[in-house]
Amino acid sequence: MQSRLQKTEAELIASCATWLNTSLSQGIRALFLPAGGTMRPVYAKWREEVPSALKQLELLQMDEVIEGEKNGLFQAFFREELPMLRVFDLGEKPFLGKSSAILGLGLNGHVAFHEPGLPLDFAFGEVNLSETSARELGVKIGCRAKTYGLGTFLKCESLLLVVTGEKKRAVYQRLMSEDPSLPATALLTHPNLTILVDEKAAN
């Protein structure tokens with residue numbers, strides 16, 4: 001595992017680009033992308049100039065709300081943030097090819113919608129959102145969602161975990177102390193994990 005402190009947005013964007021180029025050299029066919037605010041500065045840079053590496057990959061959405069007024073929330077996010085790229089929705093069957101993943105860290109330690117309490121080998125399917133996740137998204141507690149899980153991500157060639165903002169400080173500290181109640185703690189076992197964390201989350 002490599003953990004790198006990112007002092008500026010520009011440094012974060014550059015580090016993501018370096019990681020992406022390294023992942024492409026590993027022969028991956030697809031890249032899992034996260035929705036949400038953490039990656040917005042990176043996606044804004046991609047709108048200005050699409051990295052050549054992205055043009056060679058199948059871009060995959062990793063989770064989605066599938067009921068209620070916010071059904072399709074994350075596909076709408078990608079249409080707004082990355083209108084020049086096609087990010088494939090989850091579909092009925094999981095992607096099983098060689099891939100890498102960029103991940104965010106949920107406030108309760110979830111990765112995508114792999115919520116606390118799910119088995120570590122959960123790979124793909126429907127779940128009920130926890131209270132923490134539901135409140136963060138403004139949906140009802142227990143709202144149905146669809147997601148890839150740790151059973152998929154731990155088989156990826158490489159993983160990039162991006163953690164930014166003061167709001168993530170407490171859960172990041174728990175992750176770094178290897179709190180076993182956090183799903184994200186399982187990522188620390190991956191042989192090719194990179195963590196990018198900004199000063200607000202790290203200190």
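The values are calculated or read from the model by the stated rules, or taken from the named source; none is laboratory data. Nothing here was measured: the structure is a model prediction, and the numbers come from that model. All Cβ positions, glycine included, derive from the backbone under ideal geometry; neighbour counts span all protein chains shown.
One table, with the values for the structure above:
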{"item": "Any hit, region 81-96, residues being buried (at least 19 other Cβ atoms within 10 Å of the Cβ), of a type outside the set (D, E, K, R), under 26 Å from A186 (Cβ atoms) and under 16 Å from the mean Cα position of the chain (by Cα)", "result": "yes"}
{"item": "Scope region 1-18; condition surrounded by 12 or more Cβ atoms within 10 Å (Cβ to Cβ) and touching a residue at least 60 places away in the same chain (Cβ under 8 Å); matching residues", "result": "M1, S3, R4, L5, Q6, L12, S15, C16"}
{"item": "Inter-residue pairs, beta-carbon under 8 Å, first over 16 Å from A76 (Cβ atoms) and touching a residue at least 12 places away in the same chain (Cβ under 8 Å) and in region 39-64, second of a type in the set (S, T, Y) and not in a strand (DSSP E or B), 6+ apart", "result": "A53/S23"}
{"item": "Among the residues listed as A10, A44, A14, A35, the single one being aliphatic (A, V, I, L, M), in a loop (DSSP other than H, G, I, E, B) and modelled with pLDDT of 95 or more", "result": "A35"}
